[in-house]
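First the structure, in the form of structure tokens, and then the observations on it.
The values are calculated or read from the model by the stated rules, or taken from the named source; none is laboratory data. Just so you know, these numbers come straight off a predicted model, no measurement behind them. We place every Cβ from the backbone using ideal geometry, glycine too, and count neighbours over all the protein chains shown.
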Amino acid sequence: MRYIIYVALILINFILQTTVFSYIEIIGIKPNTIIILVVSFSFMRGEIEGGLIGFFSGLLIDSFFGQFLGLNAFIYLIIGFLCGKIFNEFYKDSIMISFFLTFIFTMIYGFFFFFFNGFLRGYPNILPFLKSIIIPEALYTSIISVFIYKILFIINIKLEKFDRKKKNLFKQ
């Protein structure tokens, strides 16, 4: 059941990211809801589930929009794994921690993305990219994450209750 919900969340997120959130751009920047999904589940469920959600979300983006198949999958996998590994022991109900983690990992995503799409292509100056894209996207995504994290937190609680019921059912 949990993995069916994950697949549904990845697909819904992909559709929202590529349609609805395209209409709420601010100065050409739209929130990266994939980061929100990956960071949220990494934070709540750990590095394995966060990494898997990151990998498959990134692969879906790469399949439709990526210049290099697997680049986003790799970046989101790393983000999911790192976030889950480092921050798994924090208090899960904190919106501020979610905001902070989303900001940090959106910045990390921006640096990875610049490295592979800018620096390796001969554009060594990150400062314009940092000021015009990375920092604004990190702020915008973090603000949006406050609202989305609450929804994902509730979904996770319901999944945990379902898992406990299923586990108790099979114990008898």
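Is segment 154-172 home to any residue that is surrounded by fewer than 14 Cβ atoms within 10 Å (Cβ to Cβ), aliphatic (A, V, I, L, M), at pLDDT below 90 and more than 17 Å from I10 (Cβ to Cβ)?
Within segment 154-172, one or more residues are surrounded by fewer than 14 Cβ atoms within 10 Å (Cβ to Cβ), aliphatic (A, V, I, L, M), at pLDDT below 90 and more than 17 Å from I10 (Cβ to Cβ).
Scan (1) in a helix (DSSP H, G or I); (2) surrounded by fewer than 20 Cβ atoms within 10 Å (Cβ to Cβ) for the single condition M44 breaks and write down its number.
The failed condition is (2).
In segment 109-138, how many are surrounded by fewer than 15 Cβ atoms within 10 Å (Cβ to Cβ) and either in contact with a strand residue (DSSP E or B) (Cβ under 9 Å, 6 or more places away or on another chain) or under 19 Å from N13 (Cα atoms) (or both)?
Total meeting the criteria: 1.
Which one of the conditions (1) among the aliphatic types (A, V, I, L, M); (2) touching a Ser or Thr at 6+ places or on another chain (Cβ under 9 Å); (3) loosely packed, with under 15 Cβ neighbours inside 10 Å does I36 fail to meet, given that it meets all the rest?
(3)
Tell me which of these E89 doesn't satisfy, since it passes every other one: (1) in a loop (DSSP other than H, G, I, E, B); (2) crowded, with 17+ Cβ neighbours inside 10 Å.
In the conditions (1) in a loop (DSSP other than H, G, I, E, B); (2) crowded, with 17+ Cβ neighbours inside 10 Å, E89 misses (2) alone.
It is to be established whether one or more residues within segment 74-86 are farther than 15 Å from I36 by Cα and either among the hydroxyl-bearing types (S, T, Y) or touching a residue at least 24 places away in the same chain (Cβ under 8 Å) (or both).
The answer is yes; a qualifying residue exists.
Check segment 92-99 and report whether any residue there is surrounded by fewer than 17 Cβ atoms within 10 Å (Cβ to Cβ), more than 16 Å from V38 (Cβ to Cβ) and in contact (Cβ under 8 Å) with a residue 12 or more places away in the chain.
Among the residues of segment 92-99, at least one is surrounded by fewer than 17 Cβ atoms within 10 Å (Cβ to Cβ), more than 16 Å from V38 (Cβ to Cβ) and in contact (Cβ under 8 Å) with a residue 12 or more places away in the chain, which makes the answer yes.
Suppose we filter segment 18-41 for residues that are assigned to a helix (DSSP H, G or I), touching a residue at least 12 places away in the same chain (Cβ under 8 Å) and among the β-branched types (V, I, T); how many remain?
7
If a residue must be at negative phi and part of a loop (DSSP other than H, G, I, E, B), how many such residues does segment 111-128 contain?
The number of residues fulfilling the criteria is 5.
Which one of these does D62 not meet: (1) assigned to a helix (DSSP H, G or I); (2) farther than 27 Å from R121 by Cβ; (3) more than 13 Å from the chain's Cα centre (by Cα); (4) among the charged types (D, E, K, R)?
Result: D62 fails condition (2) only.
Name the single residue that is nearest to I79 (Cα to Cα) among those in segment 94-110 being assigned to a helix (DSSP H, G or I) and among the small types (G, A, S).
Only one residue fits best here, namely G110.
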